[in-house]
Structure formats: C-alpha cells, structure tokens
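Engineer: Starting off with a structure, shown below.
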Amino acid sequence: MKTLTEIGFVKSSFDEPANPTEMKKHISFINIKKEFEEGLFKIEDSIYIDVVFGFNKSEGFDLKLNIFTGERKGVFASRSPRRPNSLAITTVKLIERNGCELKVTGLDALNNSPVFDIKPCDNSLIEKNSEAINASKLKSNPRKQIISHILAGETDKLLIKAAQMHGHYCPGLAMGVMAATFAMQKIKFRSDGMEDLIVITETNNCVSDGIQFVTGCSFGNNALIFKDFGKTAFTISKRDGKGIRISTLPDSQEYIRQAKGKFSSQFEKVIKKQNHSDQEIALLKKLGIESAFAILKLDFDKIFKVEEIEVEIPSYAPSYESIFCETCGESIMASRIINKNEKKLCIPCANESYFQLDGHGISEIRK
Ligand SMILES: [Zn+2]
Ligand SMILES: [Zn+2]
C-alpha cells in the first residue's frame, strides 16, 4: 500500500492525552498545507466532517484492552489509541473555514497531530438507526453514559438522570450526586452492579438516591449497605476493603444555606404542614430545581470531608432457593421461612415480628 501523505496538522489546546469527552468540548483548528488547499473547495457545505488523523503520542498496540468504562474489549471494538496503525477517525462539527484553516469542535486530537484526510460525514445510516445504535450501546453497558458523565465531572447531567429515579429535584439529591461523583473519580473503579463495588450509606434520605444512582450500588443489586445512623455520610469501597468515607463538614449547613434559598421553608410549608395547594407544590418544585443546580456550583471542599478508611466488606449475597408458604402459596426466600405448627410459613402468615425500613429508619414491627 501507498504510504500516507500528511495533508496538514491539528492545533489544539491539549498537548498531553486527556479525557476525550473533555477534549471534544473545546475548539480545535485543522491547518491544511498550501498545496492541498484546493481540496477544501465547498467543504463549507458540510456541517459535520470526518477527520482522519494520527495518534502521534501512541506506540504499540494491544489486541484486547480495558476501555474507559472499565469493560474489556478488542482493539477493533474500541476507540483506543493503541492500535496497529495508530490512525484515528473522528466526526467533528465544522464551524468555519478561513483559507487553509478549519475551525471545528468535537475533535479529540492532540496538538500537532498529523492529519491524513478529511471528508464529509456520511450519517445516512446512523440517522435512520440512531435509536437502535443507542440501544445497542446501552445493552452492552447500561451505565456507559453515566460513566462518561462521571469521568467528565458533568454533575449537572448526572443530576438530571438521578432525578428521573428520585422523582424531584432537591438540595439533598444534588449533594448525593456531587459527593458520589467525587468518590467514583477518586476510587477509579467501575460499578457493574455485581457487588465488586460496595456502598455503605448512613442515611435513607434524598442524598442516598443521588449516591445510589451515580455509584450504581443499590438495594436491588445487593451492593448497598444501610447503617441506620441518620448521618449524611457514605462510604464507597472495593472488595479489597480500601474505601473512602465522605461526610458533611460541621459548618457546611451555613455554607449551603444561600444556595438552598427558600427551599427549606417551602418544604416545611408543603410537606410538614401538609399545605398541598397546586400553587405551593409548584413553587416547591421550582425552588427544588433552582437550589439543586445551585448546590452543584458550590465548593466541594467546603461541604464535604473525605477520609480514606479500611472497610469490613460482607461476603457476596447468598442465593437462597425459593420456598412456597403453605398458607398463602406465595414464594419466600428460604432464609425468611418460619416453621410454625409443623408448617412452613411466610412472616405475615405466621404473624411474627419483623424489621421495616421506612422514613423513620429501621424499626422492629412487633406482633
Ligand atoms: Zn429529594
Ligand atoms: Zn404466607
């Protein structure tokens, strides 16, 4: 095959490898050599162009590697720079052309990367199948977008997604998102809901939904442990027991007061005093949105304390067989069977005491 001819080079503010999501947010320039300028004729007709460039800082390749989400993939199933030909293709948005210079966004090339080709992006297939493409990405890793947001520190995008689960915006949810994003960046470990990453939360209020969403550790996947201390604090840990505990600083209440604005007094009015008029609820929702996004703009170090700690990790959740209650016929985890009057019964049919987790914390419901 013919050797590649360098047609130009990239001018970017990144001299060293960085997070591609972050790089793509910046403006870059592609400088085409004078002898190739005529080849840019009518390039302004395209909004999106494909740029073929070289990874000038990458040496060698791996056929299998860990991609940014932590998944293991083949090099040709990834966008890793460590590939046999060190060639990259990225679709960018063309902002304007000035003679030999193209101003673009969306380019994840380092400063001085050699450019080998440029062509209009052909998205005819993608346009028709964008929903299917998105679905297939999320099937291969449901947390792909969440991980991208964590790595790029996009707490505003995470807050919007977390609110889809939480149901409303509030300062607590925002604090949970903020603290959990920090913790996930710090621990550099991906959560796949298989109990390899464990979260211990010390509260069951709004904050814990932000933590569950961002860390991916939830009650349902047994990666969330609840210690009923009533403290706005949580610990995140890998299986090796090396964890980080994040709690709120004593004077953080005063610091976040301004960002919270009138949210707390409105919350009092609607929730505690049960004033459920449409107008008051609408105002509470509006204040919730404003205060949640205002919290995200605050200084992390003025709200939270971070400690590195050793954590006692419970063993993986056992998988119990299901047994059927001899009175109601419903299936029960074997560990919750009550033997009473020579019958295997569920707790309600046996009328026995049990533990319940609700807004009051964990309490025993005595029979
Ligand atoms: Zn809330
Ligand atoms: Zn029963």
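The values are calculated or read from the model by the stated rules, or taken from the named source; none is laboratory data. All figures in this text were calculated on a predicted structure; none of them were measured in a lab. Cβ sites come from the backbone with ideal geometry, for glycine too, and all protein chains shown count toward neighbours.
Engineer: Would you say Ser331 is over 27 Å from Ile236 (Cα atoms), touching a strand residue (DSSP E or B) at 6+ places or on another chain (Cβ under 6 Å), among the polar types (S, T, N, Q) and at pLDDT 90 or above?
Structural biologist: yes
Engineer: Just to check your reading of the model, which residue among Leu298, Leu357, Leu284, Leu345 is aliphatic (A, V, I, L, M) and within 16 Å of ligand 1 (Cβ to nearest atom)?
Structural biologist: Only one candidate qualifies: Leu284.
Engineer: Can you tell me which residue among Glu352, Glu364 is without any contact (Cβ under 8 Å) to a residue 24 or more places away in the chain, closer than 30 Å to Gly230 by Cβ and surrounded by fewer than 14 Cβ atoms within 10 Å (Cβ to Cβ)?
Structural biologist: Result of the check over Glu352, Glu364: Glu364.
Engineer: Quick one: would you say Asp209 is among the acidic types (Asp, Glu), crowded, with 16+ Cβ neighbours inside 10 Å and not in a helix (DSSP H, G or I)?
Structural biologist: no
The rows are residues; the columns are (1) within 16 Å of Asp192 (Cβ to Cβ); (2) away from ligand 2 (no atom under 16 Å from the Cβ); (3) without any contact (Cβ under 8 Å) to a residue 40 or more places away in the chain; (4) in contact with a Ser or Thr (Cβ under 8 Å, 6 or more places away or on another chain).
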site	(1), (2), (3), (4)
Asn129	no, yes, yes, no
Ser136	no, yes, yes, no
Ile146	yes, yes, no, no
Gly153	no, yes, yes, yes
Lys161	no, yes, no, no
Gln164	no, yes, yes, no
Gly167	no, yes, yes, no
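Engineer: Further, regarding this structure: Of all strands (runs of 3 or more DSSP E) completely enclosed by segment 17-96, which ones contain at least 1 residues that are surrounded by 13 or more Cβ atoms within 10 Å (Cβ to Cβ) and of a type in the set (S, T, N, Q)?
Structural biologist: Output list reads 27-32, 64-66.
Engineer: If you don't mind, there's one more thing I want to ask. Got a sec? Which of Ile146, Ile160 is among the hydrophobic types (A, V, I, L, M, F, W, C) and more than 16 Å from ligand 1 (Cβ to nearest atom)?
Structural biologist: Ile146
Engineer: Quick one: count up the residues across segment 97-112 that are buried (at least 17 other Cβ atoms within 10 Å of the Cβ) and within 30 Å of the chain's Cα centre (by Cα).
Structural biologist: Adding up the residues that qualify gives 6.
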